[in-house]
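The structure under discussion appears below in the form of structure tokens.
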Amino acid sequence: MDITSIQSVSSLQKDLMTQNNKVVSSDFSNMLEKAMEKQDTDELKKGCKEIETYMLSYVFKKMKECMLTDEGITEKGDYEKMFEDNMIDVLCENMVEAGGVGLADSMYKQMLSTYQVQNNLTNTQNSQLDEIDKKI
């Protein structure tokens, strides 16, 4: 019985999960940069909600892994596990839209104040440079 194909599928699944995590983090970084450039607070709020959804989903999936279950004679198939993971994702999205645990709001307020401070510093520096240019 050749099990090399089973091992390659497992390896492929791990690689896909790693790649997905990298894509999610780069997407969030890009979203924050665009929100900062456009000074779009709605985009920033959306990004914070996505991070809270991702964090809650990760926590619930890890909690599910730690649960002791009596699976019986046969264990769950890949499709059933995938369905459960997708169900957790959707439940977490709904939870965040209903108010979540407050992480998105805290992140949003912190980032908004940070961006405002950065913008004020940039504006102050630009005005100082303009004054220096006028003197020269």
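The values are calculated or read from the model by the stated rules, or taken from the named source; none is laboratory data. Everything quoted here is computed from the prediction, not taken from an experiment. Heads up, the Cβs are rebuilt from the backbone with ideal geometry, glycines too, and the neighbour counts pull from every protein chain shown.
Taking the residues in the range 79-136 that are within 19 Å of the chain's Cα centre (by Cα) and small (G, A, S) as candidates, determine which candidate is farthest from C48 (Cα to Cα). By that ranking, first place goes to A98.
Screening the candidates M82, M87, M55, M67 for the property of being modelled with pLDDT of 90 or more, more than 21 Å from M111 (Cβ to Cβ) and of a type outside the set (V, I, T) yields one hit, M87. The condition (being touching an Asp or Glu at 6+ places or on another chain (Cβ under 6 Å), surrounded by 10 or more Cβ atoms within 10 Å (Cβ to Cβ), without any contact (Cβ under 8 Å) to a residue 60 or more places away in the chain and polar (S, T, N, Q)) is satisfied by just one residue among S106, S57: S57. Screening the range 31-52 for residues that are touching a residue at least 40 places away in the same chain (Cβ under 8 Å) and aliphatic (A, V, I, L, M) and picking the one that is nearest to A104 (Cα to Cα) gives I51.
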